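The values are calculated or read from the model by the stated rules, or taken from the named source; none is laboratory data. Keep in mind the model is a prediction, meaning the values are calculated, not measured. Here Cβ is always computed from backbone atoms with ideal geometry, including for glycine, and neighbour counts include all displayed protein chains.
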Amino acid sequence: MSKAFERLPGFRDFYPEPLPHPEVASADLRRHIFDTWREVARRYGFREYDGPPLEPLELYTAKSGAEIVGQLYHFVDKGGREVALRPEMTPTLARLVAAHHRAYKKPIKWYTIPQLFRYERQQKGRLREHFQFNADLIGEADPAADAELIALLIDTLRALGLTAQDFVIRLSSRNAWRDFYARGGGAPEREYDFFQTIDKLERETPEVSAGKLQALGFSLEQVREFIQRGEPSPELQGILDNLRARDMGDFVKVDYAVIRGLAYYTGPVFEAFDRQGEFRAIAGGGRYDNLIHLISGGKVDLPALGFGMGDVVLGELLKARQLAPALRAQVEVLCVVEDETLRPATLRLVQQLRQAGKAVEYSLTPAKADKQLKRALELGAALVVTLRRGEGGALLAHWKNLATRAEQVLPPDQWPWP
């Protein structure tokens, strides 16, 4: 007996709606999310780019250290090269910009929707693959760039139907934490250990956090007081003022509990959270002014910032808030072949309608008219059209609006819309 194959753990199968099983993903919901991401990015003047899904392993270890290898799908290829499936897109972007930044006017505003891979323990909202909306702004150090990127994030979530009651952008700053650490006498070589401890405050017990902080010369009370005070630094105040001028102030709050775990962040950082606290972070990002310099081997030095928004948590949030649209087959017209002698003429009409931009279906093989009409209803078609011979043998198109039941009879080259 042959083996029945199943998908690998942590990966998804995408089916068209209606879904055959709740454990599979919706290709139609994914398309809705992608279309929204692209449309809002277009409104903000961002251009789409892409890169290879396979990169040299060193591209990731150069910025994150050897410890990241355990989280990657990596292997030695047939050319003897150590390679990895991309776990994130920012290093690829830094490589692309470092190679050809002179060909583009600054600031560079780019976005991409890659599929990313990480070999890690599966949990709610986190799989071993996901698609992600990455938007980055390169070549501008002013906080206005940070505000522009956060505004893009807010408008993207709003375009999906979410409101200020659904999500909040928690805004923080590596610079503010760096100043706090220096004022407290922290050792420069252990600064990143301190950042990692702050990043895990909400995921580890107070006892564990207190022990780590004590080893670094700080108390948990000091850290908590700084977070609770939440006084915006001058750079964060500039970002807040910019967003308030856009009437986006209700979507943002200063929260120094956010610091972002990746080593390459250098300045303002932020994360989008659902206000009900049911899900992981919806999106996150910040400024990484040194990464392009690192990836280019010191040849290119450009300030940069960006964010990533994954489709897994976002899709779950939209379904939980009942914001996933009615997802059905996108058929506008179904052409009924009632008389098989008129199939060639019907095929000609099908082709003309499709070339005019309409989504058209028809029965590939002979079938009863009532069965074809049933299919039109299943597909959600707005109109059905049937070719018939009139008096004197003239060919006529009988159009029917399935919602209003209104009917029109027109020559085949005329349609019931402008």
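Please name all residue pairs, on different chains or six or more residues apart, with Cβ atoms under 6 Å, provided the first residue is in segment 163-181 and is free of Cβ contacts under 8 Å to residues at least 24 places away in the same chain and the second residue is of a type in the set (A, V, I, L, M) and part of a strand (DSSP E or B).
Listed by first residue and then by second, the contacts come to nothing, as the list is empty.
Hey, can you tell me all the residues within segment 191-234 that are surrounded by 13 or more Cβ atoms within 10 Å (Cβ to Cβ), in a helix (DSSP H, G or I) and among the charged types (D, E, K, R)?
Correct list: Glu191, Asp193, Asp199, Lys212, Arg224.
Please go through segment 94-144 and give me each residue that is surrounded by 19 or more Cβ atoms within 10 Å (Cβ to Cβ), small (Gly, Ala, Ser) and closer than 21 Å to Ile282 by Cβ, ordered by number.
Result: Ala135, single match.
Please verify whether segment 124-142 includes one or more residues that are assigned to a helix (DSSP H, G or I) and among the acidic types (Asp, Glu).
Here is the first cut: in segment 124-142, the residues assigned to a helix (DSSP H, G or I) are none.
The answer is no, given that none of the residues of segment 124-142 is assigned to a helix (DSSP H, G or I) and among the acidic types (Asp, Glu).
Condition first: over 17 Å from Gln330 (Cβ atoms) and surrounded by 14 or more Cβ atoms within 10 Å (Cβ to Cβ). Now tell me which residues in segment 14-37 satisfy that.
Residues satisfying the conditions are Ala25, Trp37.
Out of curiosity, is Asp289 touching a Pro at 6+ places or on another chain (Cβ under 9 Å) and part of a loop (DSSP other than H, G, I, E, B)?
yes
How about segment 359-377: which of its residues are outside any loop (DSSP other than H, G, I, E, B) and within 24 Å of Pro18 (Cα to Cα)? Give the derivation first.
Within segment 359-377, the subset outside any loop (DSSP other than H, G, I, E, B) is 360-362, 369-377.
Val360, Glu361, Tyr362, Asp370, Lys371, Gln372, Leu373, Lys374, Arg375, Ala376, Leu377 - these are the residues of segment 359-377 that are outside any loop (DSSP other than H, G, I, E, B) and within 24 Å of Pro18 (Cα to Cα).
Hey, can you tell me all the residues within segment 324-333 that are of a type in the set (A, V, I, L, M, F, W, C), surrounded by 14 or more Cβ atoms within 10 Å (Cβ to Cβ) and assigned to a loop (DSSP other than H, G, I, E, B)? Before the answer, list the steps.
Residues of segment 324-333 that are of a type in the set (A, V, I, L, M, F, W, C), as a first pass: 324, 326-327, 329, 331, 333.
Then drop every residue that is not surrounded by 14 or more Cβ atoms within 10 Å (Cβ to Cβ), which leaves 324, 327, 329, 331, 333.
Passing the criteria: Ala324, Leu327, Ala329, Val331.
In segment 38-63, what residues are closer than 20 Å to Pro87 by Cα and either within 19 Å of the chain's Cα centre (by Cα) or among the charged types (D, E, K, R) (or both)?
Correct list: Glu48, Tyr49, Asp50, Gly51, Pro52, Pro53, Glu55, Glu58, Lys63.
Which one of Phe46, Phe11 is touching a Leu at 6+ places or on another chain (Cβ under 8 Å), surrounded by fewer than 14 Cβ atoms within 10 Å (Cβ to Cβ) and touching a residue at least 12 places away in the same chain (Cβ under 8 Å)?
On the way: Phe46 fails: surrounded by fewer than 14 Cβ atoms within 10 Å (Cβ to Cβ).
Phe11 is the lone residue from the list that is touching a Leu at 6+ places or on another chain (Cβ under 8 Å), surrounded by fewer than 14 Cβ atoms within 10 Å (Cβ to Cβ) and touching a residue at least 12 places away in the same chain (Cβ under 8 Å).
Given the criteria in contact with a strand residue (DSSP E or B) (Cβ under 6 Å, 6 or more places away or on another chain), within 20 Å of Leu383 (Cα to Cα) and of a type outside the set (Ser, Thr, Tyr), does Val337 qualify? Give the derivation first.
Numbers: in contact with a strand residue (DSSP E or B) (Cβ under 6 Å, 6 or more places away or on another chain): no; within 20 Å of Leu383 (Cα to Cα): yes; of a type outside the set (Ser, Thr, Tyr): yes.
Taking the combined requirement at face value, the residue does not satisfy it.
Need pairs with beta-carbon distance below 8 Å; first residue farther than 17 Å from Ile259 by Cα and modelled with pLDDT of 95 or more and within segment 227-246, second in a helix (DSSP H, G or I) and of a type in the set (Val, Ile, Thr); sequence gap 6+ or separate chains.
If the second residue must be in a helix (DSSP H, G or I) and of a type in the set (Val, Ile, Thr), the pairs left are Leu243/Ile150; Leu243/Ile154.
Search segment 378-418 for residues being small (Gly, Ala, Ser) and in a loop (DSSP other than H, G, I, E, B), and hand back the single one that is surrounded by the fewest Cβ atoms within 10 Å (Cβ to Cβ). Show your work before the answer.
Just the residues of segment 378-418 that are small (Gly, Ala, Ser), to begin with: 380-382, 390, 392-394, 397, 403, 406.
If we keep only those that are in a loop (DSSP other than H, G, I, E, B) too, we end up with 380-382, 390, 394, 403, 406.
Working: Gly380: 14, Ala381: 22, Ala382: 17, Gly390: 11, Ala394: 10, Ala403: 7, Ala406: 11.
Out of the qualifying residues, it is Ala403.
Can you tell me which residue in segment 275-287 is nearest to Met309 (Cα to Cα), limited to those that are modelled with pLDDT under 95 and in contact with a Leu (Cβ under 9 Å, 6 or more places away or on another chain)?
Phe279
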